[in-house]
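Structure, as structure tokens:
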Amino acid sequence: MTTFVDQVRELGVKQAVIAKTDEVVERITAGMNVNDVRAALRGDEPRRPNPRLRPHADSFWLHIRPSFYHTEVTNIYPTFRLGWLSTFMFVWETITGIILMVFYTPSPLVAYGNMWNILANVPLGQLFRNMHRLGAEVMVIVVALHMLRTFITGSYKKPRQFTWATGMILLVLTLLLSFSGYLLPWDQLAYWALTVFLSASEAAPAPPAVNQNILLIAQGGPSLGANGLLRWYLLHVLLMPLLLGIFFFVHYYKVVLHGLSLPPGREEIGEDTAKRVPRDERTYFIPDLLTSELMWTALLSLFLIAGSLWLWDAPLETHADPVVTPLHVVAPWYLSWSQGWLKLADKTIIVGFIPLLMVAFIVMPYFEVGKSRRYADRRVGLSVSMVFIAFMLVSNWMGTPEFRVESSPDREVSIKVLPEEGPSLLMAVPYEEIQPGSYLPGQVVSGSPHLTEALAYYKTILEEHSCTMGNPALTDFHVAACRIEEGGTGEKRYGVGINNKEAMPDPYSELRVEEVQDGLLELNLYYEVANPDDLNEILNISDDWVKHKHIDSNYEEECRYFNKC
Ligand code: HEM
């Protein structure tokens, strides 16, 4: 065997290095040398015998990819590269997640501090956190779109029913993977979203002892604490990725086994010719599909990096507090539909219905009778799916606090203008700009630009939650919509307002500021609400919303950091 030194003696240093590099590249690519790789990327014809086919048989990375595809399925339609991009997102999440793991300990004592350390001290820490969190949301979107496309092109039909079923499991795992990461920052948003989610599961249609034990296991105790955090962490970094990896391989094995389905119009009804690819209709993976996939990967990466750098910051609320429930507990947007349903019907029905719906989706291809994948033959199915998507979008909106919120409009205004915790425009006004006294919404305070800005915001929010009754052209409908109603138990509730939001009739509101001790201001929001039938009569007064601002508190910094100002 000739050694490298022998080669140097024989060929000279330059040629020996080239030969060695070629040898190494050939080993890595299982058959292609540097010139083959360059020719493939340039789009040149391969030499004969074609070295580009060997990596599919011999290499670790490519042996699960077919070496060629039907040209029809390598165009952007029908796949839109969504299956590949789902795979890529999983890899993206794994890499960014491992980097974050280095700086994170799953303990309530330090987890939240770890997040701040990642944001403030770890080089590129905030970028990686943003990329991971944005990636999780993009992955949900990409997987859902991939599901939608396989439905629309009828690719779930025989013989791909099982591919669809494993895909459904992948969808559920993707949602769980994303949601299990939600708790890890150990902030208010995370803590309460998970608490509410888990408490809903207590209503499952099973014997109470079973539900209680499931809840106990999921929380790691009577309430979420150190055990719970550790369990959700392990679910997030270990169990879910492992399951997703396993099901991915089953899914992909099935995809390769049956071949990618051709566009519906290209086949006879009931036939499946995906695996019979005539020579003149073959497109080789290297270079055509590979370069196309690389391009889409690069574009998506660019979006994720640019989005994380300039467009979006992963949220971080204040430290989790088991005794303070925030006014609005919101599920992540991709589960908001379930929160919407909980507002409509009994908990037990909904918690029982969701798994049933998933099972129905999994088995749907086995029961579907129509053989044709063509769009014209599937008008009913396609229409039903569009109605279902619209229903999910509406349900998602119903899950937001805007829909049927239980709190009163004065609370809604207060929570936005002067939140219980965390920064806001008003809290971030520099201490020296606020003098004791009272301020009206929208008031211009000379020499205090930040306070003026905060008061303008206060006015906008107040108007969003008000009915303007002083207008003589108002109809009975408007008056009725804004009337204050007495509930059965004596509590007062506002009418539904004109935009279906509870609203205060012609409110008078002001911000009262008092210096309660040296260097400490007390901020209080005061509301007076008129009777819509007789505006001279004050029906409701509320003045219990109070917050304190210390001269040394650093809300300005925090507010800027979270882009809330
Ligand atoms: C993590 C999630 C998923 C990954 C990584 C993944 C990956 C893939 C890949 C790489 C392909 C082949 C190429 C393509 O169609 O783009 C594919 C095809 C397929 N996937 Fe998925 N998938 C996922 C989720 C799903 C879901 C949620 C469904 C449906 C419920 C699904 C159903 C299918 C079907 C039916 C095919 C065959 C398409 C055809 O032959 O035309 N997949 N998947």
Under 7 Å by Cβ, and 6 or more places apart or on different chains, what pairs join a residue from the stretch 342-366 that is assigned by TED's automatic domain parsing to the domain that holds PHE197 with one that is within 16 Å of the ligand (Cβ to nearest atom) and not in a helix (DSSP H, G or I)? PRO365/TYR156; PRO365/LYS157
Taking the stated definitions as given, is TRP186 crowded, with 20+ Cβ neighbours inside 10 Å and more than 9 Å from the ligand (Cβ to nearest atom)? yes
Contacts under 9 angstrom Cβ, first residue in the stretch 153-174 being within 15 Å of LEU242 (Cα to Cα), partner among the β-branched types (Val, Ile, Thr) and near the ligand (Cβ under 6 Å from one of its atoms), 6 or more apart: LEU170/VAL143; LEU171/VAL143; THR174/VAL143
Hey, MET504 surrounded by 14 or more Cβ atoms within 10 Å (Cβ to Cβ), in contact with a helix residue (DSSP H, G or I) (Cβ under 7 Å, 6 or more places away or on another chain) and either farther than 30 Å from GLN188 by Cα or at pLDDT 90 or above (or both) or not: no
So which residues in the stretch 7-52 are farther than 19 Å from PRO287 by Cα, without any contact (Cβ under 8 Å) to a residue 12 or more places away in the chain and basic (Lys, Arg)? ARG9, LYS14
Which is in a loop (DSSP other than H, G, I, E, B), closer than 28 Å to GLU93 by Cβ, of a type outside the set (Ser, Thr, Tyr) and at pLDDT 95 or above, of LEU229, LEU243, LEU260? LEU260
Taking PHE403 and the conditions (1) surrounded by fewer than 16 Cβ atoms within 10 Å (Cβ to Cβ); (2) part of a loop (DSSP other than H, G, I, E, B), which numbered condition does it fall short on, given that it satisfies the others? (1)
Would you list the helices (runs of 4 or more DSSP H) that sit entirely within the stretch 286-382 and hold 3 or more residues that are away from the ligand (no atom under 16 Å from the Cβ) and of a type in the set (Gly, Ala, Ser)? 290-306, 336-344
Among (1) in contact (Cβ under 8 Å) with a residue 60 or more places away in the chain; (2) more than 9 Å from the ligand (Cβ to nearest atom), where does LYS254 come up short? (2)
All but one of (1) assigned to a loop (DSSP other than H, G, I, E, B); (2) buried (at least 18 other Cβ atoms within 10 Å of the Cβ); (3) among the charged types (D, E, K, R) hold for LYS254, so report the exception by its number. (1)
Taking the stretch 311-346 and keeping residues out of contact with any helix residue (DSSP H, G or I) (no Cβ under 9 Å at 6 or more places or on another chain) and within 17 Å of ALA203 (Cβ to Cβ) leaves ASP346
Taking only the stretch 134-153 into account, find how many residues are near the ligand (Cβ under 9 Å from one of its atoms) and either of a type in the set (Gly, Ala, Ser) or touching a Pro at 6+ places or on another chain (Cβ under 8 Å) (or both). 3
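The values are calculated or read from the model by the stated rules, or taken from the named source; none is laboratory data. Bear in mind the structure is a predicted one, so any value in this text is a computation, not a measurement. Neighbour counts run over all protein chains shown; Cβ positions are idealised from the backbone, glycine included.
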